[in-house]
């Protein structure tokens, strides 16, 4: 790794002057990644496109820090919002087309795009492994038994450079030093609190996701 790449791997995508390191992809992976970047640029635009590239860069950085496969992380980050620009009618149409098990209520709309994209993308990109599509499906809701790749994409979506909010800086600091599962658990906690405080729809199974985050946490001390 060159001196510049070593410095870039230590910096984070939201740092001033950040320069993304060049991943050492095999020729066929590099060609596929170039195709993904082009296809995403044609499908999305504006803030959504910038967000997708921000998530991809953050997923790549986090994957490198946590020893997760960099190619699958960047690919999942690029494609995670593939269906984000679809209308509600188009999303529900894909839900029905692919037989996706999800509550048919308006409150579920914000989580549909990950599920529908994960169901349809294998047709367009059979070269990508099932682990990429699973990470895309889980990037908004999480799930019990998250893989490292799943957690990388979930966290990257919350802390990419374009995100704003009181919670973001704290999670970014945590992401620079803490174990991946701890960072993911904090993202789940913050996200669940936000949904409850704002009175938004909470996806069925959210409590199972949170409890799964806590399975390896130390028991609280008895204060009595």
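Summary of values
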| item | result |
| --- | --- |
| Unmet criterion (only one of (1) in a helix (DSSP H, G or I); (2) surrounded by 13 or more Cβ atoms within 10 Å (Cβ to Cβ)) for residue 207 | (2) |
| Test for residue 76: is it under 25 Å from residue 176 (Cα atoms), at pLDDT 95 or above and buried (at least 20 other Cβ atoms within 10 Å of the Cβ) | yes |
| Qualifying residues in the stretch 142-167 (those that are modelled with pLDDT of 95 or more and more than 13 Å from residue 59 (Cα to Cα)) - the one surrounded by the fewest Cβ atoms within 10 Å (Cβ to Cβ) | 145 |
| Single residue of 52, 67, 120, 41 found to be within 27 Å of residue 173 (Cβ to Cβ) and surrounded by fewer than 17 Cβ atoms within 10 Å (Cβ to Cβ) | 67 |
| Residue 73 being under 19 Å from residue 36 (Cβ atoms) and free of Cβ contacts under 8 Å to residues at least 40 places away in the same chain | no |
| Count - residues of the stretch 143-162 that are without any contact (Cβ under 8 Å) to a residue 60 or more places away in the chain and in a loop (DSSP other than H, G, I, E, B) | 1 |
| Top-ranked residue of the stretch 129-142 - restricted to ones that are in a loop (DSSP other than H, G, I, E, B) and touching a helix residue (DSSP H, G or I) at 6+ places or on another chain (Cβ under 6 Å), ranked as farthest from residue 95 (Cα to Cα) | 142 |
| Index of the failed condition, residue 96 passing every other in (1) at pLDDT 95 or above; (2) surrounded by 13 or more Cβ atoms within 10 Å (Cβ to Cβ) | (2) |
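The values are calculated or read from the model by the stated rules, or taken from the named source; none is laboratory data. Because the structure is a prediction, the values reported are computed rather than measured. Every residue, glycine among them, receives a Cβ derived from its backbone with ideal geometry; neighbour counts consider all protein chains shown.
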